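Shown next, in structure tokens, is the structure this report addresses.
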Amino acid sequence: MKVLVLNGGSSSLKAVLRDLPEGPLPDDAPQPLWEANVDWGRHPGRALIRVRRGSETARESDTAIRNPDEVLRPVIETMWSGEAAALRGPEEVRVVGHRVVHGGKAFRDTTRITPEVRAEIRKYCEFAPEHNRLELEAIEIAEAIFGAAVPQVAVFDTAFHATLPLAAQVYAGPYEWFEKGIRRYGFHGISHQYAWQRAARILGGDTTRVRLVSCHLGNGASLAAILGGVSVDTTMGFTPLDGLMMGTRSGSIDPGILIYLVRHLNYRADELDRVLNQESGLKGVSGISADMREILAAIESGDARARLAFDVYAHRLCREIGGMVAALGGLDVLLFTAGIGENCAPLRAAVCERMAYLGVKLDAGLNARPRMDSDIAEAGSAVRVLVIHADEDWQVARECHRLLGGGGALAG
Ligand code: ADP
């Protein structure tokens, strides 16, 4: 069965087509038949498009655009027309899966998209305007291309955290906030859930009592406290701005700072949004870059602000991990995933060193050059330390396969 996954961000869209067996799925993601990336975040008014068939070299183009929607349809059509064509036509696509960032209160699980589901996703545009609007656009374009008979499936980044206990969901403001939907939802759920499933395979045996902290450290970053596969706490909240320091986002800060900025420096909502989402984090503190590789390079050349940015990042991370460990009542597994989690050995070393009090012992050799999806702790460590390659698109494809009952009739 040909499964197309559409994963839209605020400044890019990734599309991946895979051919999955009707029956049980392999553990590892099969090579995509076709994939495309559209990036309109780097240069205003332009979209950089990369399309690849199988393992061929990607074909790149750069187009002027007024609106990203204009290019999505032609890019999807390269799946069956032009040089990178991998299908005879759109009718070969069996299901389209969408990563949807905000599912609000309504969605606790992967769901087939109906007009009602679409209306519900639209409601959460207010909470995640950069994301949900583009996702709705992608759903509409896919329906126009593939027709209403091809099922479209929404996999929500919030759904994995629907199990959070009430005490972890409720912000300590007036109770009316909670009633109005202002509560901790948590994000990166697709990644945290996938990482948990990979971890459970590596650990083997009975994992129902395993206490695991998953550190998704990409441009955005969040932690999940996972008990036997169930999310019991997480650092992102009502929006993806809460919690850890990130590439350009501040993470949690004293809300009194916002009152001060509004009252004394005349900040308005748009400016607060920009400064907290785009001008803070690694970029804000270092004044150099949001990219951890550039921070590490600047540290090498003796830049004090880059050092400070790294130290604040590690400090905030350790502090929040402490909170997750408290939510779990102890720690069996610490897991690193996404760009920084998978690749930044100095950060993993700094974090694990500070967590020696919990019996974490990192194997320095394995940490320096980890195999993906492996354990990098010393044999005698009280806590396993795993590095897992993040693959949200594969997880969305697996969810589509599960919802279709392994290729049969669409259940649920
Ligand atoms: P996104 O959240 O956009 O999917 P990624 O998961 O790709 O982002 O993570 C991007 C981050 O990973 C960037 O900060 C980048 O610098 C960092 N990163 C990638 N490779 C390395 C590396 N070798 N060392 C340190 N950081 C890295």
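If the condition is being outside any strand (DSSP E or B), in contact with a Leu (Cβ under 9 Å, 6 or more places away or on another chain) and surrounded by 19 or more Cβ atoms within 10 Å (Cβ to Cβ), then region 81-122 contributes Ala86, Thr110, Ile121. Among the numbered conditions (1) within 13 Å of the ligand (Cβ to nearest atom); (2) open to solvent by 20 Å² or more (accessible area, probe 1.4 Å), the only one that Arg348 does not meet is (2). Give the residue, chosen from Asp391, Asp363, that is touching a residue at least 60 places away in the same chain (Cβ under 8 Å), of a type outside the set (Gly, Ala, Ser) and open to solvent by 20 Å² or more (accessible area, probe 1.4 Å). Only one candidate passes the filter, namely Asp391. The residue that is least open to solvent (accessible area, probe 1.4 Å), among those in region 295-338 that are charged (D, E, K, R) and without any contact (Cβ under 8 Å) to a residue 12 or more places away in the chain, is Asp311. Determine whether region 256-277 contains at least one residue that is within 16 Å of the ligand (Cβ to nearest atom), closer than 29 Å to Leu164 by Cα and surrounded by 20 or more Cβ atoms within 10 Å (Cβ to Cβ). No: region 256-277 contains no residue that is within 16 Å of the ligand (Cβ to nearest atom), closer than 29 Å to Leu164 by Cα and surrounded by 20 or more Cβ atoms within 10 Å (Cβ to Cβ).
Yes/no matrix, rows are residues, columns are (1) in contact with a strand residue (DSSP E or B) (Cβ under 6 Å, 6 or more places away or on another chain); (2) of a type in the set (Asp, Glu); (3) on the phi > 0 side of the Ramachandran plot:
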site: Gly281; (1), (2), (3): no, no, yes
site: Arg305; (1), (2), (3): no, no, no
site: Glu320; (1), (2), (3): yes, yes, no
site: Met324; (1), (2), (3): yes, no, no
site: Gly330; (1), (2), (3): yes, no, yes
site: Phe336; (1), (2), (3): yes, no, no
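Given Thr239, Thr248, which one is part of a loop (DSSP other than H, G, I, E, B), touching a helix residue (DSSP H, G or I) at 6+ places or on another chain (Cβ under 7 Å) and of a type in the set (Val, Ile, Thr)? So the residue among Thr239, Thr248 that is part of a loop (DSSP other than H, G, I, E, B), touching a helix residue (DSSP H, G or I) at 6+ places or on another chain (Cβ under 7 Å) and of a type in the set (Val, Ile, Thr) is Thr248.
Would it be correct to say that Leu282 is assigned to a helix (DSSP H, G or I) and either more than 15 Å from the ligand (Cβ to nearest atom) or more than 18 Å from Met236 (Cα to Cα) (or both)? Reasoning before the result, please.
Numbers: assigned to a helix (DSSP H, G or I): yes; either more than 15 Å from the ligand (Cβ to nearest atom) or more than 18 Å from Met236 (Cα to Cα) (or both): no.
Criteria not met by Leu282.
Within region 188-236, restricting attention to residues that are surrounded by fewer than 20 Cβ atoms within 10 Å (Cβ to Cβ) and assigned to a helix (DSSP H, G or I), the residue that is nearest to the ligand (Cβ to nearest atom) is Gln197. Of all the criteria given as (1) β-branched (Val, Ile, Thr); (2) in contact with an Asp or Glu (Cβ under 8 Å, 6 or more places away or on another chain); (3) without any contact (Cβ under 8 Å) to a residue 40 or more places away in the chain, the one not satisfied by Val100 is (3).
Within region 299-339, the set of residues being within 14 Å of the ligand (Cβ to nearest atom), within 30 Å of Thr208 (Cβ to Cβ) and of a type in the set (A, V, I, L, M) comprises Leu317, Ala338. Tell me, yes or no, whether region 33-42 has at least one residue that is at pLDDT below 95, over 18 Å from Glu140 (Cβ atoms) and open to solvent by 70 Å² or more (accessible area, probe 1.4 Å). Within region 33-42, one or more residues are at pLDDT below 95, over 18 Å from Glu140 (Cβ atoms) and open to solvent by 70 Å² or more (accessible area, probe 1.4 Å). Considering (1) crowded, with 19+ Cβ neighbours inside 10 Å; (2) within 16 Å of the ligand (Cβ to nearest atom); (3) among the hydrophobic types (A, V, I, L, M, F, W, C), the lone condition that Ile288 does not fulfil carries the number (1).
When Gly173 is tested against the conditions (1) of a type outside the set (A, V, I, L, M, F, W, C); (2) open to solvent by 20 Å² or more (accessible area, probe 1.4 Å); (3) in a loop (DSSP other than H, G, I, E, B); (4) closer than 16 Å to Asn7 by Cα, the lone failure is (4). Can you spot a residue in region 112-133 that is under 29 Å from Pro74 (Cβ atoms), small (Gly, Ala, Ser), at pLDDT below 95 and within 16 Å of the ligand (Cβ to nearest atom)? Yes - at least one qualifying residue is present in region 112-133.
Scanning region 34-75 for residues that are over 14 Å from Ser12 (Cα atoms) and under 23 Å from the mean Cα position of the chain (by Cα) turns up Trp34, Arg52. If you go through region 1-22 and keep only what is within 13 Å of the ligand (Cβ to nearest atom) and in a strand (DSSP E or B), you end up with Asn7, Gly8, Ser12, Leu13, Lys14.
The values are calculated or read from the model by the stated rules, or taken from the named source; none is laboratory data. All values derive from a computational prediction rather than experimental measurement. Reconstructed Cβ throughout: ideal geometry from the backbone, glycine too, with neighbour counts over all protein chains shown. These area figures cover heavy atoms from the full protein model, side chains too; ligands, DNA and RNA do not enter into them. Shrake-Rupley method; radii C 1.70, N 1.55, O 1.52, S 1.80 Å.
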